[in-house]
Every structure is written in structure tokens, then in C-alpha cells.
Amino acid sequence: MLFRSLLVISQDTSAYGVDTRYRTGFWNGRPLKTRMTELCKALGDLCERYDNAWVRLHYVYPYPHVDDVIPLMAEGRILPYLDVPFQHASPRILKLMKRPASAENNLERIRAWRRLCPDLTIRSTFIAGFPGETEAEFEELLQFIEAAELDRVGCFAYSPVEGAQANELPVPVPEKVRVARQRRLMKLQEKISAARLKQKVGSIQRVLVDEVTEAGAIARSSADAPEIDGRVIIRRAEGLKPGDWAQVTITRAGKHDLWGRVN
């Protein structure tokens, strides 16, 4: 078996083991508790055997025990990358969404994570125009986006889903307003993303090559999940092929992508 990148994806990765009450299983002949921290440690051990392959965590809700995973990222055991679906910043809207936590707690947690692991990349998704969302509550969300300075953000204009309880909530937001709010949020995020990527110019990044053409190569860094995040574009890629690791010096940054040359 040979692999380069492992994506851990579930409806709620941070809830791993809750349904089994964190019972102890066995892996490689040794006991292993079914809990997120132990899972990440074991995956880190596995990937170390395969040329330091990447482990990337998706859909991790910001429960307190997630803090225990950050040291593993700081140590290089797993990628310093978290996909955390914060969804919103208004406590009232979060409650209507049936989501835990608050913007204040999330901001402090983000800052604590970054103090411990400065290279941490945080991706998140948000919903604009959820039923009942006021202009003030949307502004609260924009303030959170600006303060959090998240690396990667996706935003969806709320869309009614058949059978969803949210459809019964009062004061639906008109579609035109929902779409306008989505665009405002993404425009703000573009500025944040461009500023954060600009800080990487001159740095050396370990990248995984996905595609090679006559014009060069398309790769991704530890900050780039496949298909949903940015790319590292390499102009001259002689000798590279898909699946290769490469050390790349970043020479230019855009709103979402980086450009670089092979060292």
C-alpha cells in the first residue's frame, strides 16, 4: 500500500467514538481507544511510515477536546489544518441552527490554537440569509470573519431544503438579500485570503503534485485540501510527475492560489 494524503471526513469528526462510548479496540496488536485524539495519534504513526504522508481533518466542530489535537499538529504528526464549520457568529442564529458554541468562544479558541500552532490553516463554511437573520446579525458575522482571519472560507446563501425544520421559521430572508449577503461575505474573505497568502511569499513549502502539463505543474500545500481550496502553480516542472513531493519557493500570491518554483 502506498498513499500520499489521507482525508478524514465524517458528519462530525470531533464526535468520533461518542456512539461507542469511547470503547477500546485494537490496532496493530495494541489497544486503542475510539476517541478523536487517539485516532489522530494512530493516523500520525501510520503516515510517518509512508514518507510522512498527510492526514487532513474535515468537519471538526469546535468542542473543547479538539484543543488536544492541536499539539499533534504543532509536532508535525498530522497536518496543521482544521475544517471547522462555524456556520455563523450570532448566538441567536446559531441557536436556531441548533449549533453549539458562540462567536466569542470560537474567536478565543482560534487565537489559542494559533498561539500553539502558528502554521495552522483553518477552513470554515458559513450560511448567509438563514431565516430570521437580521442585517445587524449579518454584520455580526462579517465582524467575526474580519476578526478571525480564517484562511479558507466558503459561504452559501441559505436555500430551503424539503423537510427541513428551518423552513418553518418566521421572517424568511428574501432570496435577493440572501445572495447579496453571500457576495458581501465572500468579497471580504477575498481580501483576508489575499493578505494571508501574501505572507507566504518567499517561504519554502512542501507540496504534493496533482497534475503536470507542458506549461508546468499544479500542486497543493498542506493548506490546500483537494478540490475545495487553492493551488500551488509551478511554472517549470521538469522531472515532476503526479504524486511527487516537491520543495517549492513561493514567488507570488493571489486571492486563493500561490505560484512558485522548484528548489
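Read-outs throughout are calculated quantities, based only on the coordinates presented, and are distinct from any laboratory measurement. Quick caveat: nothing in here was measured; it's all calculated off a predicted structure. Glycine also receives a Cβ, built like all others from the backbone with ideal geometry; neighbour counts cover every protein chain displayed.
Here is how the numbers come out for the structure above:
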| quantity | calculated |
| --- | --- |
| Distance (nanometres) between label positions extended 7 Å along Cα→Cβ at ASP67 and ALA180 | 4.2 nm |
| Label selected from [x] 124; [y] 152; [z] 112, the criterion being volume of the Cα convex hull per residue in Å³ as computed here | [y] |
| Net length gained if the chain between ARG115 and ALA166 were fully extended (0.36 nm per residue, minus Cα distance) | 14.7 nm |
| Rounded if a/c under 1.5, otherwise prolate or oblate - region 62-193, Cα gyration tensor axes | prolate |
| Placed amide H near LEU258: partners under 5 Å, 5+ positions off or other chain | ARG231, VAL232, ILE233 |
| Dimensionless Rg ratio for region 61-136, taking C-alpha atoms and the 2.2 N^0.38 Å reference | 1.21 |
| Region 175-184 - phi-based ³J(HN,Hα) in whole Hz, Karplus 6.51/-1.76/1.60, Gly and Pro as x | 4, 4, 6, 4, 5, 5, 5, 4, 5, 4 |
| Estimated distance in nm for a label pair at LEU46 and ALA215, the labels positioned 7 Å out from Cα along Cα-to-Cβ | 3.7 nm |
| Of ARG99, ARG115, ARG77, the one that fluctuates the most in a GNM where the chain has Cα springs shorter than 10 Å | ARG115 |
| Built amide H within the under 5 Å cut-off of CYS155, gap 5+ | PHE126 |
| Dipole magnitude of region 152-263, debye to nearest 20 (Cβ charges: Lys/Arg +1, Asp/Glu -1, about Cα centre) | 740 debye |
| Given LYS187/LYS241; LYS95/LYS255; LYS176/LYS255; LYS198/LYS241; LYS95/LYS176, the pairs whose alpha carbons are separated by over 29 Å | LYS187/LYS241; LYS95/LYS255 |
| Cα centre as origin, Lys/Arg/Asp/Glu Cβ charges: the chain dipole, Debye | 420 debye |
| Max mean-square fluctuation residue, GNM over the chain, Cα-Cα springs under 10 Å, options THR37, THR213, THR13 | THR213 |
| Sum of side-chain charges, VAL262 neighbourhood, beta-carbon under 14 Å (Lys, Arg +1; Asp, Glu -1) | +3 |
| Region 6-71 pair-distance distribution - Cα-Cα, 10 Å bins, rounded % | 20, 53, 27, 1 |
